[in-house]
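K.L.:
Provided herewith is a single structure, encoded as structure tokens, for subsequent inquiry.
The values are calculated or read from the model by the stated rules, or taken from the named source; none is laboratory data. For clarity, every value in this text was computed on a predicted model and none was experimentally measured. Heads up, the Cβs are rebuilt from the backbone with ideal geometry, glycines too, and the neighbour counts pull from every protein chain shown. For accessibility, only protein heavy atoms count, side chains too; no ligands or nucleic acids. Shrake-Rupley method; radii C 1.70, N 1.55, O 1.52, S 1.80 Å.
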Amino acid sequence: MTVDAIAFEHVTFAYEGPPVLDDVTFALPEGEFCLLVGPTGAGKSTLLKAVNGLVPRFTGGDMRGRITVAGRDVRGATPADLADVVGYVGQDPLAGFVTDEVELELAYTAEQLGVAPAAMRKRVTEIVDLLGLADVRDRALAQLSSGQRQRVAIGAALVAGPAALVLDEPTSALDPTAADEVLSALHRLVHDLGITVLLAEHRLERVVQYADSALLLNGGKVTAGPLGEVLAVSPVAPPVVGLGRLAGWPGPPVTIREARRHAGRLREVLAERVETVSPGTDNPLSAAQAGPPLLEARGVTVDYPGVRAVAGVDLVAARGERIALMGRNGSGKSSLLWALQGTGKRSGGTVAIGGADPAARRPGERRTLAGLVPAEAADLLYAETVAAECAGADEDGRAPKGTCAKILDDLVEDVDPQAHPRDLSEGQRLALALAVTLTAAPPLLLLDEPTRGLDYPGKAALAARLRLLAGAGHCVVVSTHDVEFCAEFASRVVVLSDGEVVADGPARQITAASPMFAPQVEKILPGWLTVAEVAAALGSGDG
């Protein structure tokens, strides 16, 4: 008799109010790579944490039904009890580390399970080889790249030899190359070791080519089945699926390879029509065309002990520009943003916003020059309610009462003024942080990885808001690894590598020239960046 690796039988779970999981039943066999999809806030993290007992043991709430992993009942067991059958890797690997060095971290779980030293060394060495960590096994975790840390977190979960591995957005903080490294490692685990992988991810375009099946969680209900069938009915799907729906391709296809086999006729049709450039991808005005530059950064350098994070960067930008700052993890994007805003360290060079150096101004004055929304938007939020947050922003920004609330209402609808900011959805919390930043009316708006945790509709809404802000006279600079968001948002792309600018130009030109930064549609239909752009050219509205 075959035992399923992960099985849910009529599982219902609720914190308060409507159930997050509503009579959920599915089973994943051994050696399955399953992708968990669903809108932001659908409960994907809750479902994943239920697999190893984190829910409800550490979250509270009421759960009914039965969950088994490799035949073992999860009810009544702790995550530690289940470590030998299920490994869990959360969104932030650093938060889960308990040691300071790679090899110690890999050995920790085996030590807790009482594995003999000789067997432990053998197991750690096997995992190091399997995940490509041999070059860093003796290094400190703090010295690793984000992709390396993610692979160490996966390795630490694998030391106990689990039958299943559960991961929550493992590529959300990674550049495209690092994400491929992590997903390739997971693919090897499935095929070489027969481990079952259940993975939730918003950037589906990165994952679909690796997955065997999918679970769609929406409204508390789960739809399980082959990847193509599930994505065909999912409210969130990668651009390749949207393009297939628009073109009427059978399936629709879920990978670039499949879509290219169908795309010949569509390429011919598009070639016969005048190219229609979408609002999100038009060529930027040069600073000279748009008048005097708003931002002039010359020779900006940022040094940390033993590391030059930003190496003499020049960046000139005008009002109305929408700039995507791209590059691999550790290329200096965040350090450059903070240096431009004036709060972050600047070891050399000059920055002028409207002729003024933000670093030379007091924090209150600095807000009126440049506003920065950090990668964790919640870091800007400290009040107990949305209303209090908005009132504080009005006071800090010396704006009339109600200014922040009005901006928030323009950005997103139906936010409860009495809700705690940390109880909001990812999109609402980002909108609140953006409203707080905009209350001081800074002409330069800087955002660091704003699409983490957002689904495709959420990212499209954010791109539309930022285009409106640019149209109103702001200069918007976004640091991002999200190539699909870049295609929707950017008029100009600046690529950093080792702290230096290696490419700077129109978004269409830069993204098309690099397989790493090219969106899915460009890979299928060269010269076109988004599904909306293709739909407009075909005269089909938004598709």
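K.L.:
Among the numbered criteria (1) assigned to a helix (DSSP H, G or I); (2) open to solvent by less than 40 Å² (accessible area, probe 1.4 Å); (3) touching a residue at least 60 places away in the same chain (Cβ under 8 Å); (4) not β-branched (Val, Ile, Thr), which one does SER331 miss?
P.N.:
Looking at each condition in turn, SER331 falls short on (1).
K.L.:
Also, quick follow-up: For the structure I just gave you, tell me whether ALA95 is aliphatic (A, V, I, L, M) and at pLDDT below 85. Don't jump to the end; show me each part of the working.
P.N.:
On the way: aliphatic (A, V, I, L, M): yes; at pLDDT below 85: yes.
Here the answer is yes, as ALA95 does meet what is asked.
K.L.:
Considering each residue of the stretch 505-543, count those that are assigned to a helix (DSSP H, G or I) and either open to solvent by 60 Å² or more (accessible area, probe 1.4 Å) or in contact with a strand residue (DSSP E or B) (Cβ under 6 Å, 6 or more places away or on another chain) (or both), and give that number. Break it down into steps so the answer makes sense when it comes.
P.N.:
Initially, the stretch 505-543 is screened for residues assigned to a helix (DSSP H, G or I), giving 507-512, 520-524, 531-537.
Subsequent filtering for residues that are either open to solvent by 60 Å² or more (accessible area, probe 1.4 Å) or in contact with a strand residue (DSSP E or B) (Cβ under 6 Å, 6 or more places away or on another chain) (or both) retains 507, 509-510, 523.
Going through the stretch 505-543 one residue at a time, the tally reaches 4.
K.L.:
Now a separate question. Being under 24 Å from LEU144 (Cβ atoms), open to solvent by 10 Å² or more (accessible area, probe 1.4 Å) and at pLDDT 95 or above is the filter here; which residues of the stretch 336-346 pass it?
P.N.:
Correct list: TRP338 only.
K.L.:
I've got another one for you. Of all residues in the stretch 388-411, count the ones that are without any contact (Cβ under 8 Å) to a residue 40 or more places away in the chain, buried (at least 17 other Cβ atoms within 10 Å of the Cβ) and outside any helix (DSSP H, G or I).
P.N.:
0
K.L.:
Here is a further query. Would you mind stating whether LEU243 is within 19 Å of the chain's Cα centre (by Cα) and open to solvent by less than 20 Å² (accessible area, probe 1.4 Å)? Break it down into steps so the answer makes sense when it comes.
P.N.:
Values: within 19 Å of the chain's Cα centre (by Cα): no; open to solvent by less than 20 Å² (accessible area, probe 1.4 Å): yes.
Judged against the criteria, LEU243 is not a match.
K.L.:
Turning to a different aspect of this structure: Given the conditions (1) touching a residue at least 60 places away in the same chain (Cβ under 8 Å); (2) open to solvent by 40 Å² or more (accessible area, probe 1.4 Å), which single one is not true for VAL494?
P.N.:
(2)
K.L.:
Could I ask something else about it? Could you give every pair whose Cβ atoms fall below 6 Å, whose first residue belongs to the stretch 218-232 and is over 15 Å from VAL207 (Cβ atoms) and open to solvent by less than 20 Å² (accessible area, probe 1.4 Å), and whose second residue is in a strand (DSSP E or B) and of a type in the set (Asp, Glu), counting only separations of at least 6 or pairs across chains?
P.N.:
Short answer, once both residue conditions are applied: GLY220/ASP22.
K.L.:
A further question on this structure: Would it be correct to say that ALA460 is open to solvent by 40 Å² or more (accessible area, probe 1.4 Å) and in a loop (DSSP other than H, G, I, E, B)? Don't jump to the end; show me each part of the working.
P.N.:
Working: open to solvent by 40 Å² or more (accessible area, probe 1.4 Å): yes; in a loop (DSSP other than H, G, I, E, B): no.
Here the answer is no, as ALA460 does not meet what is asked.
K.L.:
Still on this structure, please answer the following. Tally time: how many residues in the stretch 35-63 are out of contact with any helix residue (DSSP H, G or I) (no Cβ under 8 Å at 6 or more places or on another chain) and farther than 24 Å from THR78 by Cβ?
P.N.:
Within the stretch 35-63, residues that are out of contact with any helix residue (DSSP H, G or I) (no Cβ under 8 Å at 6 or more places or on another chain) and farther than 24 Å from THR78 by Cβ number 1.
K.L.:
Out of the stretch 304-335, which residues are over 27 Å from ALA179 (Cα atoms) and modelled with pLDDT of 95 or more? Talk me through it step by step, then tell me what you get.
P.N.:
Residues of the stretch 304-335 over 27 Å from ALA179 (Cα atoms): 305, 312, 314-321.
GLY312, ASP314, LEU315, VAL316, ALA317, ALA318, ARG319, GLY320, GLU321 - these are the residues of the stretch 304-335 that are over 27 Å from ALA179 (Cα atoms) and modelled with pLDDT of 95 or more.
K.L.:
VAL502: in a strand (DSSP E or B), more than 18 Å from the chain's Cα centre (by Cα) and over 22 Å from ALA370 (Cα atoms), yes or no?
P.N.:
Values: in a strand (DSSP E or B): yes; more than 18 Å from the chain's Cα centre (by Cα): yes; over 22 Å from ALA370 (Cα atoms): yes.
In short, yes.
K.L.:
Can you pull out every residue in the stretch 130-171 that is over 17 Å from the mean Cα position of the chain (by Cα), touching a residue at least 40 places away in the same chain (Cβ under 8 Å), surrounded by fewer than 21 Cβ atoms within 10 Å (Cβ to Cβ) and not in a helix (DSSP H, G or I)?
P.N.:
Selection gives GLY132, ALA140, LEU144, ALA160, GLY161.
K.L.:
If you go through the stretch 172-202 one residue at a time, how many are under 20 Å from SER145 (Cα atoms), outside any helix (DSSP H, G or I) and out of contact with any strand residue (DSSP E or B) (no Cβ under 9 Å at 6 or more places or on another chain)?
P.N.:
So the count comes out to 3.
Results for (1) within 17 Å of ILE154 (Cβ to Cβ); (2) at pLDDT below 90; (3) not acidic (Asp, Glu), shown as yes or no for each residue.
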position: PRO39; (1), (2), (3): no, no, yes
position: VAL51; (1), (2), (3): yes, no, yes
position: PRO79; (1), (2), (3): yes, yes, yes
position: VAL85; (1), (2), (3): yes, no, yes
position: GLN91; (1), (2), (3): yes, yes, yes
position: ASP100; (1), (2), (3): no, no, no
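K.L.:
What are the pairs with Cβ atoms under 7 angstrom where one residue, in the stretch 421-443, is under 18 Å from ALA461 (Cβ atoms) and the other, located anywhere, is of a type in the set (S, T, N, Q)? Sequence gap at least six, or different chains.
P.N.:
SER425/THR40; GLU426/THR40; GLY427/THR40
K.L.:
For the stretch 412-443, which residues satisfy the criterion of being open to solvent by 40 Å² or more (accessible area, probe 1.4 Å) and not small (Gly, Ala, Ser)? Lay out the reasoning, then the answer.
P.N.:
Taking the stretch 412-443 first, the residues open to solvent by 40 Å² or more (accessible area, probe 1.4 Å) are 413-414, 416-418, 420, 422-423, 425-426, 428, 441.
Within the stretch 412-443, GLU413, ASP414, ASP416, PRO417, GLN418, HIS420, ARG422, ASP423, GLU426, GLN428 qualify.
K.L.:
What strands (runs of 3 or more DSSP E) lie completely within the stretch 1-95 and have 3 or more residues being surrounded by 15 or more Cβ atoms within 10 Å (Cβ to Cβ) and free of Cβ contacts under 8 Å to residues at least 24 places away in the same chain?
P.N.:
Values: elements: 6-14, 21-28, 33-37, 62-69, 86-89.
Qualifying strands (runs of 3 or more DSSP E): none found.
K.L.:
Which one is farthest from GLU426 (Cα to Cα), of the residues in the stretch 362-396 that are modelled with pLDDT under 90 and small (Gly, Ala, Ser)?
P.N.:
The selected residue is GLY364.
K.L.:
If you go through the stretch 198-210 one residue at a time, do you hit one that is open to solvent by 10 Å² or more (accessible area, probe 1.4 Å), over 18 Å from GLU484 (Cα atoms) and in contact with a helix residue (DSSP H, G or I) (Cβ under 8 Å, 6 or more places away or on another chain)?
P.N.:
yes
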